[in-house]
1. Name the one entry in A:L164, A:L197 that is away from chain B (no Cβ under 14 Å), surrounded by 14 or more Cβ atoms within 10 Å (Cβ to Cβ) and touching a residue at least 40 places away in the same chain (Cβ under 8 Å).
2. Just for helices (runs of 4 or more DSSP H) wholly inside the stretch A:1-82: which have at least 2 residues that are modelled with pLDDT under 85?
3. Checking the structure you have, find out if any residue of the stretch A:233-251 is within 14 Å of another protein chain (Cβ to nearest Cβ) and surrounded by 21 or more Cβ atoms within 10 Å (Cβ to Cβ).
4. From the residues in the stretch A:205-227 that are β-branched (V, I, T) and part of a helix (DSSP H, G or I), which one is surrounded by the most Cβ atoms within 10 Å (Cβ to Cβ)?
5. Just to check your reading of the model, which residue among B:V193, B:V107, B:V136, B:V116 is away from chain A (no Cβ under 12 Å), in a helix (DSSP H, G or I) and either out of contact with any helix residue (DSSP H, G or I) (no Cβ under 6 Å at 6 or more places or on another chain) or under 13 Å from B:Y271 (Cα atoms) (or both)?
6. Name the one entry in A:T39, A:T69 that is of a type in the set (V, I, T) and in contact with a Lys or Arg (Cβ under 8 Å, 6 or more places away or on another chain).
7. Check B:F163, B:F156 and return the single one that is out of contact with any strand residue (DSSP E or B) (no Cβ under 7 Å at 6 or more places or on another chain), at negative phi and either more than 14 Å from chain A (Cβ to nearest Cβ) or assigned to a helix (DSSP H, G or I) (or both).
Amino acid sequence: MFKEVMKKLWDDKFARISLIVLGLIYFALFFADFIAPYTKDFSDRTMAYVPPSKIFIIDENNHLSRPYTYNYVRGFDEENLRITYSLDRSQKHYIKFLAKGQPYKFLGIIPMKRHLITTDRGGRLFLLGTDINGRDVFSRILFGGRISMTIGFLALFVLFPIGLLYGGISGYFGGITDTVMMRFAEAVMSIPSFYLLIILASILPSGMTSVQRFMLIVVILALIGWAGFARVVRGMVLSVKTREFVQAAKSIGASRLRIIVKHILPQTTSFVIVAMTLSVPSYILSESGLSFLGLGIQQPDASWGNMLKEAQEFTNIIYRPWLLTPGFLIFIAVLAFNVIGDTIRDVLDPKSRTN
Amino acid sequence: MQIIKYILKRILQAIPLLIIVSLISFFIIRLSPVDPLAELRLNPSVSQETLQKETERLGLDKPIIVQYAKWAKSFLKGDLGITSNGERVSTKLKERIPNTLLLTTIVILLTWLVGVPLGIAAALHWKSPLDRLLTVLTSIGMAIPSFFFAVLLLIFAVKTGWFPIGGLTSSDFLEKSLLGQILDIAHHLILPVTVLFTLSLAGLQRQMRANLLDVLDSDYVKFARAKGLSEFDVVYKHALRNAINPMITLLGFEFAGLLSGAALTEYVFQYPGLGRLILEAVMRSDINLVMASLMMGAIMLILGNLIADILLIITDPRIRRSDV
């Protein structure tokens, strides 16, 4: 079945483009340490809000040259009281590929020094400018993407077992168990989800390490979505539980938990796959919204949402539009996931024509 | 008469739901290690007497079950306590809830006015270029993060100067005539409404299209066609009525989604609504305000679903016969 789905996805023009785009994004995120010109912790306080580096391939004598860039120097515009940056044309800095730069540990284990793209010592290469602390936006997008693009999947892996089991038990046992469990799920659904999200995020204690915080945000995201999913599973279990194979399992004396987990829940597989692919983007959006408000992933860690936090000051953005790049990346990633999700649904569930 | 009975039954069902909601919210908030009166204590304009009254009212020196009982009792009496600035929570809510309702109502009306016809058009011209174009546009609409779109529109407003940046009213609002005031509010609403409209239009249009496609495929539509009814009669007299009904159920969900989506939009546009209120309350760890806004959000959501259900029994006679 998996092969067939992949083939259908590849045959659809939009789905194919989406698969390629997502493939490229995840590839870049996997090799982030190598692709990024700077490491995660790099910051140059004298270089706050530097615009993207200009790369030249034609030199001042109109000759073709190896690509090079100039550093920016800070100046002060007395009239408008603004800090300005201009190119320091006195020294060329050539762009080097696969050259040695800042040391890092590839995937956290293998020590390496070579970067895909970097410049000579003393030169600064900011492909997408820098932020308020003089950190390279391009590098941070790569490191932040690792968080933004995985947190949704992780939340799903926490949420789906809970939802499946909860819905399974509620639907199979029925009666008073069902009523109590479903009332509770409905109550969770009655709280506007974003309200619940920000409240849960705000009660997290402040002294946590970034890994702890990341894991707790995953759990919180999962806590928001399980109820709706459990309800749908329950509905499906209700229709499956009267089927003959369930009766058969019962008559040979299988335990109730075994019947639920081994016989009933596998019947919901195709629904689960569709629901999962369709809900990844909404978790990416939730995380970015949460981090945008400052309640999600915290500095100095990057995520696409918290990088956009600086966009809250619109004066900031008017002069420094490069800070908006993470927003476009969220948009592209979510769009690609949506297209793939729609296509998978069409393949697995030909009757539904929502797309 | 039957309808009234049904409505009463639904209202009674909402009560246990609200109790569970309040229990969940109460325990989540009390789980937090924050001192609920910390801000109040630091505020020099709050007298010692008020502090004492709050401690007693919340029963902070007693076990958590007693605290909950105390809270529930005063909530039923309509006493929601005071915010960390010393204002009454109920006044604050009264000021903000109408604004959020105004915003969401306008958005729902607009999405229905635009989304339903677009859904019909897409279904009637299934797999045509128009249908494909609409699918692409709705995909794009679904993928833009609301806060990012809001920021982009804000930049647009600043650059062009065509729209006010944030708020709901201008500074000279009170000096304007009634018409001027209405126009002023409308002017401020354009950008937030645009964001939320784009967000919720996509889902509605797709659902309408899917429903109508399903109905057009059914036997009675084939029969209506076979007996020679005009295409217009088939679509607008037979198919549409049945395709609309599931949409009404969706109305409740849409309202829920809007309440959540509105929070970020309100925050970016500095719109004085419930979403921004709860955000500010959370950031200041203003417990009374958080608790009250959570309850209000839940009540609004449950009411929204109730209204959708009532509309449904009015439009769909089958439910009246079977369910009541």
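The values are calculated or read from the model by the stated rules, or taken from the named source; none is laboratory data. What you are looking at is a predicted structure, and each value in this text was computed from that prediction instead of being measured. All Cβ positions, even for glycine, are placed from backbone atoms using ideal geometry, and neighbour counts span all protein chains on display.
1. After ruling out the rest, the residue left standing is A:L164.
2. Correct list: A:2-11.
3. no
4. By that ranking, first place goes to A:I217.
5. Values: B:V107 fails: either out of contact with any helix residue (DSSP H, G or I) (no Cβ under 6 Å at 6 or more places or on another chain) or under 13 Å from B:Y271 (Cα atoms) (or both); B:V136 fails: away from chain A (no Cβ under 12 Å); B:V116 fails: either out of contact with any helix residue (DSSP H, G or I) (no Cβ under 6 Å at 6 or more places or on another chain) or under 13 Å from B:Y271 (Cα atoms) (or both).
After ruling out the rest, the residue left standing is B:V193.
6. That would be A:T69, the only listed residue that is of a type in the set (V, I, T) and in contact with a Lys or Arg (Cβ under 8 Å, 6 or more places away or on another chain).
7. Of B:F163, B:F156, the one residue that is out of contact with any strand residue (DSSP E or B) (no Cβ under 7 Å at 6 or more places or on another chain), at negative phi and either more than 14 Å from chain A (Cβ to nearest Cβ) or assigned to a helix (DSSP H, G or I) (or both) is B:F156.
Residue-by-condition table, conditions (1) part of a loop (DSSP other than H, G, I, E, B); (2) within 19 Å of A:D136 (Cα to Cα); (3) more than 8 Å from every other protein chain (Cβ to nearest Cβ); (4) in contact with an Asp or Glu (Cβ under 9 Å, 6 or more places away or on another chain):
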| residue | (1), (2), (3), (4) |
| --- | --- |
| A:M276 | no, no, yes, no |
| A:V280 | no, no, yes, no |
| A:K309 | no, yes, yes, no |
| A:D346 | no, no, yes, yes |
